[in-house]
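Q: Pasting a structure below so you can have a look.
The values are calculated or read from the model by the stated rules, or taken from the named source; none is laboratory data. Just so you know, these numbers come straight off a predicted model, no measurement behind them. Glycine gets a Cβ as well: all are built from the backbone with ideal geometry, and neighbour counts include every protein chain shown. Heads up: the accessible areas ignore ligands, DNA and RNA and are worked out on the full protein's heavy atoms, side chains in. Shrake-Rupley method; radii C 1.70, N 1.55, O 1.52, S 1.80 Å.
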Amino acid sequence: MPLTGKELSALQQRAKKLRKDIVDTTVWAGGAHIGGANSIVDILNILYFKYARVDTKNPQWADRDRIIVSKGHAGVGVAAVLAEKGFYKKELLKTFNHFMSPFGMHLDCHRVPGLDVSTGSLGHGLAQGVGLAWGARFQGKDWKTFVILGDGECNEGSVWEAAMSASQFKLDNLITIVDRNGLMMDGTTEQVMGLEPFDKKWEAFGFKVRIIDGHDFTQLADALDFALENKGGPVVIIANTVKGKGVDFIENDVRWHYGSMDSALAKKAMESIDRMYE
Amino acid sequence: MTDQRERLATHLFFKAALPVMKVVLEDDPVMARRFAGVSGVVQFYARDPEEPAAAYLKFTNGALEIVVGEAEGPDLTFWFPRIETMNNMLRGRPVLPVILGLVKPSDLKSPMKLAGRSAKRAILLGKVFSLLMSLKLMMPSARPTEPLKKWLKVKMAFYMVTTALSQYNKGGDPEMMAWTKKQPDRIYQITVDPGGIAAYVRVKGGHTKAGRGTYTRRRPFVHMRFNGVDGALAVLLKDVEFVEGVAKGCVRIEGSPEYAAQLNDFMQKIQSMLT
Amino acid sequence: MSETTGTTWTCYDANTMTQAEIYGRVLCDIGAQRPDLIAMTADLEKSTKIGLFKDKFPERFVNVGIAEQNLFGVAAGVAKSGLLPVVSTMAVFTSMRALEQVRTDICYQNLNVKIIATHAGMSFGAAGTTHHCTEDLAIMRSLANMTVIAPADGIETANAVRAAIEWPGPVYIRIGRGFEPVLYDTEEYGFQIGKAVELHSGTDITLICCGITALQALEAAKMLKESDGLSVRVLNMHTIKPMDTEAVMKAVKETRRIVTFEDHNVFGGLGTAVADVIAASGKGCAFEKVGIPDTYCVVGYPEDLYTHYKLDANGIMDKVREVMGKDFEEDENWDDEV
């Protein structure tokens, strides 16, 4: 369903807050994957707050929708979103990366309430998504499985093995989203191991493809509506994003795949975020 | 110059096929009665320019022993002009031996004794012929219907084949010898259950030994378990191919399928030699 | 030139031929009682025998094609959706190609996935090293949350599968190709995960085995008793992890000599696991490991390979005699019984 004015406004406001939470956590953690967290956060925002059926009082609710953040290094972003959703208090994020904290660079589903799968090693999430989606259908359940991949992650063969099987098994209850921010650690995706024509690849593997601006909530809503209504096979939403979106001095900068911020830099970051939402 | 293969065939006939007649003597009540108390020596002799082949059946009060070699003063001799001829008769082909001994030079001294001894020998001849005919039960074409005959056929076949395998090795077939040489201590067991028939071949570093019953000192390396006499017959008569037999439950193979196939291969080779 | 023997067979026939491998049928029995049981494989229905389950419950069967990493990733997802996946493919692919999925998706998340890894050790002898797996016990032992079982025969595999389904968390069961000889004559011998089975009692020396070596050791023990008067204890240590440390320590105290046998590299498998226990105990004990001597195995039928690497009854007897310091005795008469 298309977003109402109110919904859009709420998403925007929350987006701003989430970006600031990510900066805070980066400071508390002593460093984080801030670039990738900022490219994915709008996708997580709309998923957790408009589309996914979850219960913060019952994180293990058997009929919840599943969300797999396969690009597990976006943990700092996921942690902020789950806190905001209400699975736990934001204060807990102050222990991020510290000794025996429930939060580390790559989140552990046994330690973080609301997290469905422990990811971190790239290429594992889509296969598990296939298994979950298959399991849901087998049991006659209508909960959905969302998998968010990184674009560099799509170098991994295991992603394509999973894609083949998603198509073979006609999993229309599996919605795949690629956070296409165009960067990897050693350069742009096209410099290191080119993905283009990316949409054609997914089509060849039997997916219906939607290409959108991953920071535009209206486009995200349209694409997700389409994916949820689609029958007969899987859908992939290629969400074009900007790594580090919102903090202008790190945007599109390969070096900011991972970085630390002192309070001075953090202040600059906050100001940049304010400017984004003026 | 007799072919090596023909000599090997003779070896197998003498050592593996003829001895199977003991099964008939023991287990067929009619035959047992026929031979009760019978004693005598009946020889097989095949002439050959280089080395004649000979073996004899020694009956002692109804019990039979097969001895390879020439007999001293046999009661009767089945004489053949060539080794191949003898083999062909044993293969069940229409060949008749020359029968020597019905009348002996020593008998001519006393016409009365001649008649008596001739008659005795003629009777012995008749009985031995009937016993030899029982070997026909093992032919691929023999399809007995009576339960005892079916059981006998299966027992004779498996007793013969296990001994034949061992003798094929001892007799010097190069392929068989190579096969047995490289094996550590292994048992190839055949059982028919129900039916109570069991025989095995033990193979160890070039040695072979055929045995009756179930080898108990270790597990069989390959175990062919036939499902009753009917299951065994289905396979022996080639009503089913072996693997088909497995699928249909006539036989189960436990153990290495490759070695079971190799063993079967040797059994086929032997069979084509002896029929 | 011999005629065809009629003993030619295809891998499709293998299902009817392997009396030794009954776990496929046991899985069907369990599947009838557990509607949440899902069987999975990677294009190996026939070789792994898990295809028997597919014949009975086609809707509860997932085949991902030749994609082992995907197989285990999907299995993790299936487990997370509330079902009970039983996954079967070859040991070499489970423990190496898909190891990260086994470790990170399944063990780290402690999911209820049961793995039946086939053609382990040298059991696929003729296929050569690419299909052998003489490292899997070492690898799987080192994964936290993983239970590792190497059943001695088809009957024990059936017991292991049944037990694994009731056991919490990931379980790795490694078996051969399905033509292995049968050790047990009944399923009721008290199989318990983590508890060794004493196949033969004895006091001179203990043979600790797993997999195909268990039967071979038992035969060796019986023959040694008869021919050399040796009292040989044989322990079927089917569970490598958790190891039955009590049984090992009993053997140390009561026999003072232990030799381990496994169709696996001498480094890292059963032998090493037993050595861990002995060394930690501080008790004196003569100890040797027999297995694949840290090499890639030659090609051959598995039975011939076991002989070559001295894992068959004869090889085991030689080893025992060596350890006991006794001489070999020549045997019997070679005349045929007629």
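Q: Which one of A:GLY86, A:VAL27, A:LEU107 is farthest out on the positive end of the charge dipole of the stretch A:21-122, using unit charges on Cβ (Lys, Arg +1; Asp, Glu -1) and the Cα centre as origin?
A: A:GLY86
Q: Separate question: What are the lysines whose alpha-carbon lies under 23 Å from the alpha-carbon of A:LYS20, with same-chain residues fewer than 8 places away excluded?
A: Partners found: A:LYS6, A:LYS50, A:LYS71, A:LYS85, A:LYS89, A:LYS90, A:LYS94, A:LYS243, A:LYS245, A:LYS267, A:LYS268.
Q: For the stretch C:24-171, what is the relative contact order in percent, using Cα pairs closer than 8 Å and at least 6 residues apart in sequence?
A: 21 percent
Q: Return the tail of the calculated pair distribution for chain C, meaning the percent of Cα-Cα pairs more than 35 Å apart.
A: The calculated P(r) of chain C puts 22 percent of pairs beyond 35 Å.
Q: Follow-up question, since we're still on this one. Would you look at the GNM of chain A, springs on alpha carbons closer than 10 Å, and say which of A:ASP24, A:ASP63, A:ASP116 moves the most?
A: Of A:ASP24, A:ASP63, A:ASP116, the most mobile in the Gaussian network model is A:ASP63.
Q: Check which residues have an amide H placed less than 5 Å from C:MET90's amide H, if you skip close sequence neighbours.
A: C:THR118
Q: Ordering C:MET324, A:MET276 by how much accessible area each has at a 1.4 Å probe, largest first, what is the list?
A: Listed by decreasing accessible area, they come as A:MET276, C:MET324.
Q: Taking the dipole about the Cα centre of the protein assembly as shown, with the C-beta of Lys and Arg at +1 and of Asp and Glu at -1, give me whichever of A:MET270, B:ALA71, B:ILE270 is farthest to the positive side.
A: Farthest towards the positive end: B:ALA71.
Q: Using a 1.4 Å probe on the heavy atoms of the protein chains only, list every residue of the stretch C:71-99 that has 10 Å² or more less accessible area in the complete assembly than in its chain alone.
A: Flagged in the stretch C:71-99: C:GLY73, C:VAL74, C:GLY77, C:VAL78, C:LYS80, C:SER81, C:LEU83.
Q: Straight-line reach from B:LYS22: which aspartates and glutamates fall under 13 Å, measuring Cα to Cα and dropping same-chain residues less than 8 apart?
A: Filter leaves B:GLU65, C:GLU337.
Q: Picking from C:ALA286, C:ALA150, C:ALA98, which is most flexible by a Gaussian network model of chain C using Cα springs under 10 Å?
A: Judging by the Gaussian network model, the answer is C:ALA286.
Q: How well do other chains shield peptide C:303-309, expressed as the mean number of their Cβ atoms within 10 Å of each residue Cβ?
A: 3
Q: Give me the percent of the accessible area of the stretch C:105-184 that comes from carbon and sulfur atoms, probe 1.4 Å, all protein chains in place.
A: Carbon with sulfur: 59 percent of the solvent-accessible area.
Q: Tell me the carbon and sulfur percent of the accessible area for the stretch B:148-275, rounded to whole percent, probe radius 1.4 Å.
A: Looking at the stretch B:148-275 in its full context, I get 55 percent from C and S.
Q: For the stretch B:159-215, what Kirkwood radius comes out of the mean inverse Cα-Cα distance, in Å?
A: One decimal place: 11.4 Å for the Kirkwood radius.
Q: Let me ask something additional. Out of all DSSP beta bridges with both ends in chain B, state the antiparallel percent to the nearest 5.
A: The antiparallel fraction comes to roughly 75 percent.
Q: Rounding to the nearest 20 debye, state how big the charge dipole of the stretch C:58-115 is about its Cα centre with +1 on each Lys and Arg Cβ and -1 on each Asp and Glu Cβ.
A: Charge dipole, the stretch C:58-115, about its Cα centre: 100 debye, nearest 20.
Q: Can you tell me the Rg and the Dmax, both Å, for the Cα atoms in chain B?
A: 19.9, 68
Q: Per residue, what accessible area does chain C have, given a 1.4 Å probe and all protein chains present, in Å²?
A: Accessible surface, normalised per residue, equals 36 Å².
Q: Across the residues of A:131-142, average count of Cβ atoms on other protein chains within 10 Å?
A: 6
Q: So what is the relative contact order of chain C, in percent, for Cα pairs below 8 Å that sit 6 or more residues apart?
A: After rounding, I find 15 percent.
Q: Ok, one more. Hey, what number do you get for chain C at 222 nm if only DSSP H runs of n ≥ 4 count, each worth -39500 (n - 2.57), divided across all residues, to the nearest 500?
A: -10000 deg cm²/dmol
Q: Here is a further query. On average, how many beta carbons from a partner chain sit within 10 Å of the beta carbon of a residue in C:181-191?
A: Partner-chain Cβ atoms within 10 Å, mean over residues of C:181-191: 1.
Q: Same structure again: How about the stretch A:83-177: which trypsin sites (Lys or Arg not before Pro) there lie in a loop by DSSP and see at most 11 other Cβ atoms within 10 Å?
A: Counting only loop positions with at most 11 other Cβ atoms within 10 Å, the trypsin sites (Lys or Arg not before Pro) in the stretch A:83-177 are A:LYS89.
Q: Further question on the same structure: Hey, in the GNM for chain C with a 10 angstrom Cα cutoff, which one of C:THR260, C:THR130, C:THR157 fluctuates hardest?
A: Ranking C:THR260, C:THR130, C:THR157 by mean-square fluctuation puts C:THR130 first.
Q: Right, another one. Am I reading the B/C interface right? What is its buried accessible area, both sides, 1.4 Å probe, to the nearest 100 Å²?
A: 3600 Å²
Q: What does the charge dipole of the stretch C:217-338 about its Cα centre add up to, to the nearest 20 debye, if the Cβ of each Lys and Arg holds +1 and the Cβ of each Asp and Glu holds -1?
A: Around 1140 debye, computed over the stretch C:217-338.
Q: Which one, B:GLY255, C:LEU99, C:LEU37, projects farthest toward the positive side of the charge dipole computed for the protein assembly as shown from Cβ point charges (K/R +1, D/E -1)?
A: Towards the positive end, the residue furthest out is B:GLY255.
Q: Same structure, new question: Pop out the carbon and sulfur fraction of the accessible area of chain A as a percent, whole number, probe 1.4 Å.
A: 53 percent
Q: In debye to the nearest 20, how big a dipole does the stretch A:1-153 give about its Cα centre with +1 on each Lys and Arg Cβ and -1 on each Asp and Glu Cβ?
A: My answer is approximately 380 debye.
Q: Counting pairs of alpha carbon atoms under 8 Å apart in space and at least six apart in sequence, what relative contact order in percent does the stretch B:193-266 give?
A: 28 percent
Q: Take the alpha-carbon centre of the stretch C:66-91, take the same for the stretch C:166-220, and report the distance between them in whole Å.
A: 27 Å
Q: Which order do peptides C:182-192, B:181-191 fall in by mean Cβ count within 10 Å, highest first?
A: In decreasing order of mean packing, C:182-192, B:181-191 become B:181-191, C:182-192.
Q: A further question on this structure: Based on DSSP H runs of at least 4 residues, each adding -39500 (n - 2.57), what is the mean residue ellipticity at 222 nm of chain B after dividing by all its residues, to the nearest 500 deg cm²/dmol?
A: -13500 deg cm²/dmol
Q: Starting from the residue with the highest accessible area, list A:SER9, B:SER256, B:SER110 in decreasing order, probe 1.4 Å.
A: If we order A:SER9, B:SER256, B:SER110 from most to least accessible, we get A:SER9, B:SER110, B:SER256.
Q: Let me ask you something else. Report, in degrees rounded to the nearest 10, the 0 to 90 angle that the Cα long axis of helix A:5-29 makes with the longest principal axis of chain A.
A: 60 degrees
Q: Where only protein heavy atoms count, and the probe is 1.4 Å, what is the accessible area per residue for chain B in Å²?
A: 44 Å²
Q: Another one. Tell me the chymotrypsin sites (Phe, Trp or Tyr not before Pro) within the stretch A:35-138 that lie in a loop according to DSSP and have at most 10 other beta-carbon atoms within 10 Å.
A: A:PHE99
Q: For n ≥ 4 DSSP H runs only, could you compute -39500 (n - 2.57) per run for chain A, divide by its residues and tell me the 222 nm figure to the nearest 500?
A: Estimated from H runs of four or more residues: -13000 deg cm²/dmol.
Q: Give the separation of the Cα centroids, the stretch B:72-125 to the stretch C:99-117, in Å.
A: So the separation of the two Cα centres works out to 81 Å.
Q: What accessible area, summed over both chains, is buried at the C-A interface (1.4 Å probe, Å², nearest 100)?
A: Buried: approximately 2000 Å² between A and C.
Q: So, one more: Restricting the calculation to Cα positions, tell me the Rg (one decimal) and the Dmax (whole number) of the protein assembly as shown in Å.
A: Over the protein assembly as shown's Cα set, Rg and Dmax evaluate to 37.7, 144 Å.
Q: Considering only the protein assembly as shown, what is the antiparallel percent among its DSSP beta bridges, to the nearest 5?
A: The antiparallel fraction comes to roughly 40 percent.
Q: If you average the alpha carbon positions of the stretch A:221-240 and of the stretch B:45-67, how far apart do those two centres end up, in angstrom?
A: 91 Å
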